[in-house]
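The values are calculated or read from the model by the stated rules, or taken from the named source; none is laboratory data. All figures in this text were calculated on a predicted structure; none of them were measured in a lab. Using ideal geometry, Cβ is built from the backbone for each residue, glycine included, and neighbour counts are taken over all protein chains shown. Ligands, DNA and RNA are excluded from the accessible area calculation, which covers all protein heavy atoms including side chains. Shrake-Rupley method; radii C 1.70, N 1.55, O 1.52, S 1.80 Å.
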Amino acid sequence: MQTLTRQDVRRLAISRQHLDGAERPSLLDVIRDLGCVQLDPIRHVERTHLLVLWSRLGLFDTAELERLRFEERALFEYWAHAASLVLTEEWPVHGWYMRHLQAQPDHKWMAENREMIDPLLQEMVAEFQKGPRMSRDLELEQDPRFDSRWWSGRYASVLIDYLWSRGKLIVYGRPFNNHRVWGIADDFWPDWTPREEWSDEQVTRFSVQKAVRALGAATPKQIKQHYTRGRYPKLTAVLHKLVKEGVLHEVTVLADDGTPLPGPWYLHQDDGGLLAQIQAGEWNGRTTLLSPFDNLICDRDRTELLFDFFFRIEIYVPKAKRQYGYYVLPILHGDRLIGRIDADMDRKTNTLHMHNVYAEDGAPQDAATVQAITQAAANLAQFLGAEGVVWGNVPQVWAELA
């Protein structure tokens, strides 16, 4: 059985997710290899999907992303490990989940309010059949409301989410302040969209390979947390079959003291050559900042296991109880996460603020590391259109940042 170190797995994942120093692929190819790019409404620094892509591509053309989303429709918004941009060419995977949700019993509150919900659903669908529109532009005879902390308070908003999850509606655009334009999903798909209905085994077979390749090497638990989180029916049987066919190889991953990490771990056959290069020392890293929702670190337990980096998002933690800050960007330096930055883009003054910088224990202190962090921050500022970067509290080991 082949043996890998934690460093091997880190470098495999970083390379497969295009965070290394290799030549950059196209925007669509980056998303293909990631499988999904999470969407989140918070713009404290920038929308997370833009940060995830910037970390890999640098100053990429955001207009190209919009074209892929809403003109070519090569991407669409749906559930992956969270609400994400996913690939239209992978529709059978997501179509399976749409059908899965359609087969589930409705929420209790819907069943208890059928007299109101069913006519409202019919009226909403009839409105969207007239053409795509924002939810606020729906001309409904009745628009019942309820008290809510998280929703707009409109039943229509909840039902749009219900119809979206089940593949009836899709996002056609976000033309104004990130507000979504909704329309009938069946009218959205390009002619080339693969609309096959896959079985449980077909879905898991595809998704397992997608996850393992993006992760470099992974355990079943890590696979289940990645790409289509929690959507791996018949996982154990599929893993056994893929190993028997030689598509996946079972490997051992060693901790730094030489003891095996709990497994089993799987490596995809197509990454054997990349692993050989890495183990031969043919690997180059680089320094960049990551979105708190980045694919590389979205599985917090795996991040801690492989990088010795404990990371939790503190957006919903009361300010007085935050350890690091509201919106924290981990610092990827080579194959290590060496620190984090509590950052904020002030769009009134057009300034990127690095309020607090934290170095991990054992982080490199040399001038080249400080320069690399400085350059990564400058590149982010350029991408954001900021006129400058202002540094706040910095650790003594990186005092030159200030």
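Here are a few things to note about the model shown:
- Portion, in percent, of the accessible area of the stretch 97-187 that falls on carbon or sulfur, probe 1.4 Å: 45
- Within-15-Å neighbourhood charge of Pro260 [Cβ basis; K, R +1; D, E -1]: -3
- Based on C-alpha pairs under 8 angstrom that are at least 6 apart in sequence, the stretch 229-317 has a relative contact order of 14 percent.
- In loop segments of the stretch 186-260 as defined by DSSP, the chymotrypsin sites (Phe, Trp or Tyr not before Pro) with at most 13 further C-beta atoms inside 10 Å of their C-beta are Trp192.
- Solvent-accessible area, 1.4 Å probe, carbon plus sulfur percent, for the stretch 189-247: 49
- With a simple spin-label model that places each label point 7 Å from the Cα along the Cα-to-Cβ direction, the separation between Val390 and Ser199 comes to 6.2 nm.
- Proximal charge balance of Arg322 [Cβ under 9 Å; K/R count +1, D/E count -1]: 0
- The residues of the chain have, on average, 46 Å² of accessible surface per residue, using a 1.4 Å probe with all protein chains present.
- Packing-based order for 317-324, 233-240, using average beta carbon neighbours within 10 Å, highest first: 233-240, 317-324
- Sulfur and carbon atoms: percent of accessible area, the stretch 290-402 [1.4 Å]: 48
- Candidate aspartates and glutamates - alpha carbon under 15 Å from Lys221, same-chain residues fewer than 8 apart omitted: Glu250, Asp299, Asp301, Glu304
- In a fully extended conformation the segment linking His179 and Asp147 would gain 9.4 nm over its present Cα-Cα distance, using 0.36 nm per residue.
- Separation of alpha-carbon centers, the stretch 156-189 and the stretch 50-93, rounded to whole Å: 16
- Distance-filtered residues of the stretch 8-30 - backbone nitrogen under 11 Å, label point 7 angstrom along Glu89 Cα→Cβ: 28-30
- Theoretical FRET efficiency, 1/(1+(r/R0)^6), r = Cβ-Cβ of Trp109 and Thr62, R0 35 Å, to 0.05: 0.35
- Here the stretch 71-209 is assigned +1 on the Cβ of each Lys and Arg and -1 on the Cβ of each Asp and Glu. Its dipole about the Cα centre then comes out at about 420 debye.
- Packing, taken as the mean count of other beta carbons within 10 Å per residue, orders the peptides 251-257, 164-170 from highest to lowest as 164-170, 251-257.
- Sorting 372-384, 265-277 by average packing, meaning the other beta carbons within 10 Å per residue, from highest down gives 372-384, 265-277.
- Counting only DSSP H runs of at least 4 residues, each contributing -39500 (n - 2.57), and dividing by the residue count of the chain, the helix-based mean residue ellipticity at 222 nm comes to -11000 deg cm²/dmol.
- Computed FRET value (nearest 0.05) for Lys130 with Asp257, which takes r as the C-beta separation and R₀ as 60 Å: 0.40
- Surrounding net charge for Ser135, when Lys and Arg each add one and Asp and Glu each subtract one, Cβ distance under 12 Å: -1
- On Cα atoms only, tilt of 6-16 relative to the major axis of the chain in degrees: 50
- Relative contact order (%) - the chain, alpha-carbon pairs under 8 angstrom, separation at least six: 19
- Assigned charges on the beta-carbon of Lys, Arg, Asp, Glu; the chain dipole about Cα centre (debye): 580
- Range of Cα positions in the chain per principal axis (Å), largest first: 67, 59, 39
- In a fully extended conformation the segment linking Lys221 and Arg286 would gain 20.5 nm over its present Cα-Cα distance, using 0.36 nm per residue.
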